Every structure is written in C-alpha cells, then in structure tokens.
Amino acid sequence: MAEEHGPETGSGPRTAILNAAMRLFGKQGYTGTSVRDLATEVGVLPGSLYAHIQSKEALLVEIVADGIHRFITAVEPHAYSAGSPAERLRAMIVAHVEVVAENPERSLVVFHQWRFLGEENLPAAIERRQVYEGCFIKVVEDGVAQGLFKQDINQRIAVFTILGALNWTPEWLSPSGRLSPREVGVLMAETLMRGVLA
C-alpha cells in the first residue's frame, strides 16, 4: 500500500488510512474522494474507518498541518540565516523542492486541497501558509534593501511568482528521476532568481 517515496512512517490502520487519503486527495481531489473510496483503498468496510478517524476532514487537517509544518521547518532557518539574500533565497528554493520530493502526493494535497477545509480549520491553515510566504517576503525585501535584487520589482508579485512555480512541482517532479531533487532545486533557483537579481 505505501508509496516508495516518503509515506507516513509507522504501521497500523491509521497510517494506512492517512497514506490512502494522501494518494486519493492528491489524485482525485478532496471533494472527489468519498469515505467509501478511502475504505476501498485501505481494504476495509466504510464503517470501520471511523474506529480510526474522526472524519474525512480530520484527515485533510492532519495532512495539511503536517505538510505545511515540514515546509516551514525546512525553509525558515534559511530565511533568517546570516547569508546574503541571494544565497538564502537559493537555499529556500532547494529546500522546498526537497520537501516536495519526500512525498509529492502529500505536497499536492498541501498546495491544492487546503482550501476545502471547513471554516473552523481554514484560518489556522491560512495563518501557517502566511508564515511560509513571510519567509520569502523577508528575503526578497532584504535583497531589495541591500541592492542585490532589482529595485523596481513588485516584491509581492515576485514572491507569488516564485511560490507559484514551487507549488506546482509536485505535479511533475519525479523523486526517482535522472536529476536529484537538490539538482532540480538548484536549476529552479537559477531560473526563478533571474527575475529578481539586480
């Protein structure tokens, strides 16, 4: 059942259900996945799922929260490090791609299915996404202030352009491809940073 690239570790029904949810939410969307689909994927009766989960949305909450945490943990140290803004931005882009490569299916859910969270859970996800965006905003602001990035760029658009490209990587990145995730990240950084470097 588990994918060879970065499934949730551990064993037991709950881990199997989480992995199934990541696969199905990533492939056919949260709204396109029923509890029956999840049960079929895991190989249990639909009613049996509720012995291990509170609800379908609880699975989405857990996947999104864990996924955003992984991205923040990987990128935030670079955003606030002592290196130059260009070095920091390059390292952040590479770190992002490496987290995607750990589990592209989880990343698909984090980037494209979070908006289906209910009104009780959506604000927390938005807040954490803003923390992540804030890492990139800080580095771009620092780069402009230090004269290393173009003075006339629209910083907000620059950040959203970089994040938009990065958030699409789970659609095409192959962790077992010819290039390593780090090599892909370096190439993406070279391409994306041409738009901001002075």
Sort out which residues of segment 1-23 are assigned to a helix (DSSP H, G or I) and either modelled with pLDDT of 90 or more or over 18 Å from V110 (Cα atoms) (or both), and write them in order of number. P13, R14, A16, I17, L18, N19, A20, A21, M22, R23
Can you find even one residue in segment 155-170 that is in contact with a Lys or Arg (Cβ under 6 Å, 6 or more places away or on another chain) and either part of a helix (DSSP H, G or I) or modelled with pLDDT of 95 or more (or both)? no
Scan (1) under 22 Å from P104 (Cα atoms); (2) under 23 Å from the mean Cα position of the chain (by Cα) for the single condition V42 breaks and write down its number. (2)
Which residue pairs have Cβ atoms closer than 9 Å, lie 6 or more positions apart in sequence or on different chains, and pair a first residue in segment 159-184 that is under 17 Å from F136 (Cα atoms) with a second residue that is acidic (D, E)? V159/E133; F160/E133; L163/E133
Determine if segment 172-192 includes at least one residue that is over 23 Å from L60 (Cβ atoms), among the β-branched types (V, I, T) and surrounded by 15 or more Cβ atoms within 10 Å (Cβ to Cβ). yes
The lone condition I162 fails out of (1) under 20 Å from the mean Cα position of the chain (by Cα); (2) within 21 Å of Y80 (Cα to Cα); (3) surrounded by fewer than 14 Cβ atoms within 10 Å (Cβ to Cβ) is (3)
Residue under evaluation L179, criteria (1) in contact with a Ser or Thr (Cβ under 9 Å, 6 or more places away or on another chain); (2) part of a loop (DSSP other than H, G, I, E, B), criterion not met: (1)
Which residue, of A86, A65, A51, is part of a helix (DSSP H, G or I), over 30 Å from G147 (Cα atoms) and aliphatic (A, V, I, L, M)? A65
For the structure I just gave you, tell me whether P123 is at negative phi and either touching a helix residue (DSSP H, G or I) at 6+ places or on another chain (Cβ under 6 Å) or of a type in the set (D, E) (or both). no
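Residues are listed down the side, and each one gets a yes or a no for (1) farther than 22 Å from T169 by Cβ; (2) surrounded by fewer than 23 Cβ atoms within 10 Å (Cβ to Cβ); (3) modelled with pLDDT of 95 or more; (4) not hydrophobic (A, V, I, L, M, F, W, C):
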| position | (1), (2), (3), (4) |
| --- | --- |
| A79 | no, yes, yes, no |
| A82 | yes, yes, no, no |
| R90 | no, yes, yes, yes |
| E98 | no, yes, yes, yes |
| N103 | no, no, no, yes |
| R106 | no, no, no, yes |
| F111 | no, no, no, no |
| R115 | no, yes, no, yes |
Here is a list of conditions, (1) surrounded by 15 or more Cβ atoms within 10 Å (Cβ to Cβ); (2) more than 20 Å from the chain's Cα centre (by Cα); (3) aliphatic (A, V, I, L, M), and L18 meets all of them except one; can you say which number that is? (2)
Hits in segment 24-41 (condition: buried (at least 21 other Cβ atoms within 10 Å of the Cβ), in a helix (DSSP H, G or I) and in contact (Cβ under 8 Å) with a residue 24 or more places away in the chain): F25, G26
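The values are calculated or read from the model by the stated rules, or taken from the named source; none is laboratory data. Note that the structure is a prediction, hence the values are computed from the model and not measured. When we count neighbours, we look across all protein chains shown, and the Cβ atoms used for this are built from the backbone with ideal geometry, even at glycine.
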